[in-house]
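Heads up: the structure comes next, in structure tokens.
The values are calculated or read from the model by the stated rules, or taken from the named source; none is laboratory data. This is a predicted model, so every value here is computed, not measured. A quick note on method: Cβ atoms are made from the backbone with ideal geometry, for glycine too, and the neighbour counts reach across all protein chains shown. Protein only, heavy atoms only, side chains kept; ligands, DNA and RNA dropped before computing areas. Shrake-Rupley method; radii C 1.70, N 1.55, O 1.52, S 1.80 Å.
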Amino acid sequence: FSTNYNHRANAVLDHKIDSANSIKWTTGFTSTQSESNVSSEGETKNDEGGLINTSNRSSLSAQDNNTLNTNALWRHKFSKKGRNLTANVSLNYSQNKSEGAVQSTNVYYQPIDLTQELNQVNDQLTENLTLGSSLSYTEPLGNRRYLEFNYNFSRNKNDVDRNVYNVNEGETEFDESLSSEYTSTYTYHRPVMNVRVNRSTYSVTAGVSLQQTELNGDFVSRESIYKPYSNFLPSAHFNYDFSSSRHLTIDYETSVQEPTITQLQPVVDNTDPLNITKGNIDLRPAYRHSVRTNFVTFSPVSFVNFFAFVNATYTQHAITNSQSIDVSGVRTTQPVNVDNSMSVNASASVGMPINKISSRIRLSANANQQYGVNVLNRTDIEGNVLSNVQSNIEQSTLSSTLRYSYRYKEIFDAELSAALSRNSTDYEFNSESNQLYYNNTYRADANLTVAKNYQLSTSFQYLIYNSATTDFNQNVELWNVSVSRFILKKAGEIKLTANNLLDNNFGISQTANVNYVERSNTNNLGRYYMVSFIYAINRQLNPMGGGGRRPGGMRMIINN
């Protein structure tokens, strides 16, 4: 059970001082209050189905968070064309207050029978302040060539005061090993130099930056942390215009992922006694290379479009989670560095009209391949437990969607689609643990307009979930029907909807992670009915904004 209240206020001032100077100021404030009450029961079993442990756990938490973000941007154009100066200053502040309580009973059956009771309360105050500034200068070199200089500075200060108390027979006792009080400061300096060349059919930008980072962590009752980092970050951008409707873009960037103070500090979090986390003071930054390629073409004569992209990322000293599971089923997670990881993501789609039957067809395909390192404790053939054993892992997702749409004037339209997805995970250390599952969705939608102001709509989904690993097969059918009446010159809509007419009150999702495949069965709302009033605020100001029969623009929705 959870509740969340969110209040937001935003303001923007964009002022042109004169022909050479302008300023833009943006600010936003957010206030959030949330509460949650979670109860869970769980069992861990071995391969033969024997119990390793059982857990009965409940937790309460309440949080109050306030955030202020403000940014000021000044732009100046010199008399020489192409010479510009830009300055930016930002301030971000957040404060989070939280209180919580955890109660759990864990029963362990291996190596001996043992019952563990946990009763804790905690409170935490976190304050975060980030000050940033940047200065950018562009100097024209002639013949549409430019030299760009940038300097970025940022300072992030994070204050955390977390107190954990053990409760015993109504008395609370401070737990120093689980509590932490610290101040961490991240300071960034990043000078950048770029060379940009513009031509009629292409543009090229190449540059390099030096990012210097310092982390200072001051702990109460613990050793302080000081981590300096320095990295060169090259980048390049290329854009080629074959024509006004055909473009190719290639980007290369490098970036650094520094470990957070939470990942570095050697503090144990046993909020869930079966899943313990702790930091690693020896973590190094991860260095990431990214290449992105995009191609798009569109024919204004035949209305055929094609889009494709390939993104690849290679990470040195990648940060991943090492997991160690003891004989009692307790999992301890700690961030560690591995040599490298890589991911490749590709997608392509093509769409074309079938004018003779007033239809359009679209086909898309996606492929995602990830190569990483799995870090686990393992048992050798002699029964000895080996810690932090690294082995390669390969995750693959292949999916495709075929969509057909038909439209008859402003009276009737329909759409049929099929989305197929194959997901696999292959482990080097044990091929018997490989995972393979499928998620397929078939859908049909139709809308019929009667007497211009009435509309009948229906939507049907057929979902198929299949796991080749666990022999799991499940089908779900979802059918919705609605009747609408447009009023107020089609700016308003009164709508009656019958949802989930087949009364299927459960939902399924399948996902794969580094060390496991997860299937969630969720209780959903069964058949229900809803009456809605929808009003498009700017329908009258922008009659074309509706995109046809449906009201468009900003909408106010009231449901019962």
*So which of LYS409/LYS495; LYS97/LYS278; LYS16/LYS490; LYS24/LYS489; LYS16/LYS157 end up more than 27 Å apart, counting from Cα to Cα?*
LYS16/LYS490; LYS24/LYS489; LYS16/LYS157
_Per residue value of the accessible surface for the chain (all protein chains in place, 1.4 Å probe), Å²_ = 59 Å²
_Förster radius 51 Å - calculated FRET efficiency between ALA72 and ARG519, Cβ distance, rounded to 0.05_ = 0.55
_What distance in nm separates the two pseudo spin-label positions at ASN21 and SER387, each 7 Å out from Cα along the beta-carbon direction?_
6.2 nm
*Once you have the Cα-Cα distance between SER358 and TYR442, take 0.36 nm times their residue separation minus that, and quote the gain in nm to one decimal.*
28.0 nm
*asked:* If you take every residue apart from VAL296 with its C-beta less than 15 Å away from the C-beta of VAL296, what net charge results, scoring Lys and Arg +1 and Asp and Glu -1?
replied: +1
*Which net charge results when you count Lys and Arg as +1 and Asp and Glu as -1 among the other residues whose beta-carbon is under 12 Å from that of SER209?*
-1
*Rank these residues by their accessible area, most exposed first, probe 1.4 Å: LYS495, LYS97.*
LYS97, LYS495
*To the nearest 10 square angstrom, how much accessible area does TRP25 have with a 1.4 angstrom probe?*
100 Å²
*Mean ellipticity per residue at 222 nm, deg cm²/dmol - from DSSP H runs of n ≥ 4 across the chain, formula -39500 (n - 2.57)*: 0 deg cm²/dmol
*Using a probe of 1.4 angstrom, how much of the accessible area of the chain is carbon and sulfur, in percent?*
53 percent
*With Kirkwood radius over Cα pairs in Å in mind, check (i) 24.0; (ii) 29.3; (iii) 27.3 and report the label derived from this structure.*
(ii)
*Taking the Cα centre of the chain as the origin and placing charges on Cβ (Lys, Arg +1; Asp, Glu -1), which of VAL481, LEU248, SER235 is farthest toward the positive end of the dipole?*
LEU248
*12 Å reach of a label modelled at ASN340, 7 Å along Cα-to-Cβ, counting backbone N of the stretch 428-458*: none
*At a Förster distance of 25 Å, what's the computed FRET efficiency of GLN95 paired with ARG222, Cβ-Cβ distance as r, to 0.05?*
0.60
